Amino acid sequence: MTQEAPPSGAFSGLAGAVDCDIHPVPPDMRALLPHLDPYWREHVERRGLERENLDTSAYPPGAPINARPDWRLPAGPPGSSLAALQAHLLDPLAPRAAICNLIHGAQMMISEDLSAGLCRGLNNWLAAEWLDRDDRLRASITVPVHSPELAAEEIERLAPDRRFVQVLLLAMTELPLGRRMMWPIYRAAEKHGLPVGIHAGSSFRHPPSAGGWGSYYLEDYVSYAQGFAGALNSLLAEGVFQKFPALRVVLIESGVTWLPASLWRINKTWRGVRAEVPWLDRLPADLVRQHVRLTLQPFDAPPDARSLEVLLDQLGSDELLLFSTDYPHWHFDAAEGPLPAGLPPALLRKITVENPLATYPRLAAA
């Protein structure tokens, strides 16, 4: 079957860019069985889990936002076909590299052992079925986020494979991400020069908003900005960047417009309570500009070019933003392309090439 590609103008001038966020998914649980360790393969079959769909998404599967119409598939979930990805994105975009971020229910399971076993199988599946078949692809290491020691073991296992360029966490987990319990993950990531990608999503141990569980998806989606702000506050206040000075963190699908106000607020408050966190020895905003990056899509852009210019100035650095398409999710129309209108030309190469290569050392070395 021939896959329909988007109009050629959608990716005009982007050849050689680094796409920092695409989303392959297994077609179903059965596809993972050959890639699971024998014990976990038997366990999954005995429990009948191969008949379940453990895929998770921040988007309702049937909602338009879950996939662009021209990126949906005749059968299977959007993002489950390598041939479609090649036709829809890789061939017309011609990227230097595209980073696969696999968001799956394996990360949020209550059983830490089962979570680790499934994450291992997911990483094996991604390497064999996608990375081995297209050398433009790179990947994040999916880890059991509620067991940092087991997550660190999975990082150690896959670190020798240079095609894995990042460690993947969810923004809202059981504990705030800066807590010392999480530090084995950051220690292993820093050791191997791997950024930690924090992706929009929750393991649903707690409500996504501070006020409790909302009634509608709209509330859930908008509250992710609060979740990212909380994760970033935790990393800063707990001293993660002082403990791991070479660590880079990438906020994936976080949006951008929330960040300036959040930085102003934490800077102002830090001045009054800095004795409580003596390791936080400089303005939190300075640490963010040194250690943190944000992917571009979905870009919650202001409504006019002047407002966009003000926002970019408020970010205080031209090194923060990383190009992404968020394939196959629908956050830009084909005719418009994935870059928001109004970005200064001088910033385009920084966002599409220079910033990603500086953030992911394994890409620059490839």
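The values are calculated or read from the model by the stated rules, or taken from the named source; none is laboratory data. Note that the structure is predicted; figures quoted are calculated from it, not measured. We place every Cβ from the backbone using ideal geometry, glycine too, and count neighbours over all the protein chains shown. These area figures cover heavy atoms from the full protein model, side chains too; ligands, DNA and RNA do not enter into them. Shrake-Rupley method; radii C 1.70, N 1.55, O 1.52, S 1.80 Å.
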Label zone at A63 (point 7 Å along Cα-to-Cβ), backbone N below 19 Å, the range 169-190: 170-173
Accessible carbon and sulfur surface of the range 45-162 relative to its total accessible area, %, 1.4 Å: 48 percent
With every protein chain in place, the range 181-236: carbon and sulfur % of accessible area (1.4 Å): 62 percent
Proximal aspartates and glutamates relative to K191, as straight alpha-carbon distance under 16 Å, when same-chain residues fewer than 8 apart are discounted: E149, E153, E154, E156, D161
Model label zone, L357; criterion: amide N under 17 Å from point 7 Å along Cα-to-beta-carbon; scope the range 307-349: 319-324, 346-349
Antiparallel bridge percentage (DSSP; both residues within the chain; nearest 5): 5 percent
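Per residue, how much accessible surface does the chain expose to a 1.4 Å probe? Answer in Å², no decimals.
Per-residue accessible area for the chain comes out at 42 Å².
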Cα→Cβ-extended label distance, 7 Å offset, between R271 and S215, nm: 4.2 nm
Full-extension gain in nm, A346 to D286, via 0.36 nm per residue minus C-alpha separation: 19.3 nm
Kirkwood estimate for the range 242-282, i.e. one over the average of 1/r between Cα atoms, Å: 12.3 Å
Among P344, V310, A275 the positive-end extreme of the charge dipole of the range 18-365 (Cβ point charges): A275
Distance histogram for the chain (every C-alpha pair counted, 20 angstrom bins, percent rounded to whole numbers): 30, 61, 9, 0
Shape box of the range 244-366 [Cα atoms, principal axes, largest first, Å]: 52, 38, 27
Sequence-distant residues sharing a close amide H with G197 (under 5 Å, placed H): V167, L168, L169, V250
Net charge over other residues, Cβ less than 15 angstrom from the Cβ of P302 (K, R count +1; D, E count -1): -3
Among T269, T325, T352: highest mean-square fluctuation, GNM of the chain, C-alpha pairs under 10 Å: T269
Probe 1.4 Å - accessible area at M181, Å² to nearest ten: 90 Å²
Sequence-separation-based contact order of the range 18-365, relative, with Cα cut under 8 Å and 6+ spacing, percent: 19 percent
FRET efficiency, D37 to K243 (Cβ-Cβ, R0 41 Å, nearest 0.05): 0.80
